[in-house]
Amino acid sequence: MARSPPLQVAASAGVGASPRDFDAIFAQEFSYVWRTLGRLGIREPDREDLANEVFFQVYRRLPTFDFERPLRPWLFAFAFRIASGHRRLARNRFEQSVELSEVVDGAPCADESMERRESQELVDRGLESLELDQRAVFVLFEIDGCAMPEIATALAIPLNTGYSRLRLARARFAATVRRIKLQQGES
Amino acid sequence: MSGRQLERLDSDIAALLRNAEPYPDAPVDARARVHDALKLRIADAAAVGLQNVEGDAGAPIDSPAPTSGIFSLASRPILALAATFVVGASAGAGLHAVLRPPRDRIIYIERPSVSPAPPASVFDVVAPASALPASPEAPAIEAPPPARPAATEKSAAPSSSDLGAEQVLLDVARTAFAQGRGEEALGPLDRHAQRYPKGILAEEREALAINVLVTLGRYDDARARSARFLRRYPGSLLRASVEAAIEAIP
């Protein structure tokens with residue numbers, strides 16, 4: 001398979017938005033990495049350390065990154081591996097939903113704001129119900145909007161495994177969200 | 001199951017995901033703190049010869065990733081045991097170095113043939129002082145042996161300064177390459193290959209060199225070097241990068 005040389009043609013290959021410079025990557029993608037760690041269940045107090053670790057690994061691996069590929073799935077893979085290792089420790093297994101009230105913005109509680117906050121809490125509860133492997137695929141596909149082949153590449157899984165995890169994740173996420181809505185309606 | 005069979009997301013769930021966006025962003029001060037900590041960490045890693053960095057350099061990114069140092073050590077008894085051994089051995093080596101009769105040895109330090117590229121970013125590592133000659137005119141007296149397990153004199157194990165110097169060369173090459181100056185990247189890579197043919201970072205050097213050669217259109221050189229790379233490092237984490245570079249050759 002003949003492809004263009006990696007790392008050289010990126011700027012002219014329609015992926016010029018991917019910064020090659022580490023500073024630029026940090027500046028442009030810090031928020032993405034931060035949010036991703038949150039979506040992977042990392043509590044806010046731990047996110048700084050893990051974001052540091054993600055970018056340190058990115059710094060070291062940057063020379064080997066193929067800039068023809070989209071950057072975010074690659075970044076996500078670092079965040080996923082690091083979050084996965086972090087969550088294996090029993091003391092880190094509690095989720096971040098307990099702190100949601102601390103991280104939402106302090107804007108006046110208009111109806112719209114309240115609704116978004118409730119939606120956010122529901123999404124987080126739904127994500128919490130997923131195994132981390134499924135959660136990674138779900139977040140990348142449904143929230144980040146990545147294509148499944150890229151997801152499979154980034155997470156180093158077969159394509160069909162990616163689709164399988166997505167299907168399972170969707171079902172569980174939907175079931176969790178609907179159950180919570182039902183409970184809220186009954187209370 | 002394939003993409004063609006993938007159903008649409010249920011409308012209520014899709015709406016929920018839309019409404020929930022955007023996810024809370026990082027506090028401004030958190031970004032600044034991570035930035036500062038990262039900057040120090042990168043500089044520290046270079047200053048100590050990337051010992052900690054290289055400790056996980058061989059680990060695939062899909063292996064359990066290290067978290068903060070305390071967490072990772074406490075959660076891995078084997079690592080803790082190994083760390084205890086290393087500390088003990090280092091202390092022993094240091095004690096031995098202090099107690100044994102002084103022995104001056106003249107060594108010659110090679111002057112850098114080019115000055116390092118100016119820092120391109122706040123994250124660019126600074127060449128560790130130990131990698132530079134104290135005085136360009138006088139031969140240097142060898143510093144006391146580093147506090148490492150004994151036998152470093154006889155073995156080819158690189159010192160911290162070697163590692164730091166290796167990293168500096170690769171950083172210069174990487175920066176040049178990332179900025180599209182492939183020709184300039186080859187110089188430090190060649191110097192690294194001459195000075196540290198079997199250096200700790202030889203694998204990374206080779207992978208980077210192959211990518212550089214491909215972008216410069218030196219396909220035969222790239223193929224030959226790639227073949228050597230794959231023979232020498234069949235299980236390399238950088239294999240995918242090397243193979244992608246070779247596949248990219250028209």
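The values are calculated or read from the model by the stated rules, or taken from the named source; none is laboratory data. Keep in mind that what you see is a predicted model, and the values were worked out from it rather than measured. Methodologically, a virtual Cβ is constructed for each residue, glycine included, from the backbone with ideal geometry; neighbour enumeration extends over all protein chains shown.
Could you list, in sequence order, all residues of the stretch B:187-214 that are part of a helix (DSSP H, G or I) and of a type in the set (Gly, Ala, Ser)?
Residues satisfying the conditions are B:Gly187, B:Ala193, B:Ala202, B:Ala207, B:Ala209.
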Problem - Scan of the stretch A:172-187 for residues that are under 19 Å from the mean Cα position of the chain (by Cα) and either of a type in the set (Gly, Ala, Ser) or part of a loop (DSSP other than H, G, I, E, B) (or both), ordered by number - result: A:Ala174
Handout entry: Yes/no for A:Phe55 being touching a helix residue (DSSP H, G or I) at 6+ places or on another chain (Cβ under 8 Å), outside the structural domain of A:Val123 (by TED's automatic domain parsing), within 22 Å of A:Met148 (Cα to Cα) and of a type outside the set (Ser, Thr, Tyr)
Key = no
Handout entry: Unique residue being over 13 Å from the mean Cα position of the chain (by Cα), surrounded by 13 or more Cβ atoms within 10 Å (Cβ to Cβ), within 29 Å of A:Ala156 (Cα to Cα) and at pLDDT 85 or above when the list is A:Arg125, A:Arg135, A:Arg72
Key = A:Arg125
Practice task
Identify, from the list B:Gly217, B:Gly235, the residue that is loosely packed, with under 15 Cβ neighbours inside 10 Å, outside any helix (DSSP H, G or I) and more than 18 Å from the chain's Cα centre (by Cα).
Solution key: B:Gly217
Handout entry: Filter pass, A:Arg35 being in contact (Cβ under 8 Å) with a residue 12 or more places away in the chain, within 30 Å of A:Phe173 (Cα to Cα) and of a type in the set (D, E, K, R)
Key = no
Practice task
Please indicate, with yes or no, whether at least one residue in the stretch A:166-187 is among the β-branched types (Val, Ile, Thr), within 19 Å of B:Ser11 (Cβ to Cβ), buried (at least 17 other Cβ atoms within 10 Å of the Cβ) and at pLDDT 90 or above.
Solution key: yes
Problem - Odd one out for A:Phe80 among (1) modelled with pLDDT under 85; (2) under 29 Å from A:Ala174 (Cβ atoms); (3) touching a Leu at 6+ places or on another chain (Cβ under 7 Å) - result: (1)
Problem - Failed item, numbered, when B:Ala176 is tested on (1) under 21 Å from A:Asp66 (Cα atoms); (2) assigned to a helix (DSSP H, G or I); (3) modelled with pLDDT of 80 or more; (4) among the small types (Gly, Ala, Ser) - result: (3)
Handout entry: Total residues in the stretch A:53-94, condition assigned to a helix (DSSP H, G or I) and either among the hydrophobic types (A, V, I, L, M, F, W, C) or within 28 Å of B:Ala209 (Cα to Cα) (or both)
Key = 26
Exercise for the section: Test A:Gly41 against the stated conditions and say whether it is under 17 Å from the mean Cα position of the chain (by Cα), at pLDDT below 90 and outside any helix (DSSP H, G or I). Expected result: yes
Problem - Those residues of the stretch A:48-92 which are more than 8 Å from every other protein chain (Cβ to nearest Cβ), in contact (Cβ under 8 Å) with a residue 60 or more places away in the chain and within 26 Å of B:Val168 (Cβ to Cβ), in sequence order - result: A:Phe67, A:Trp74
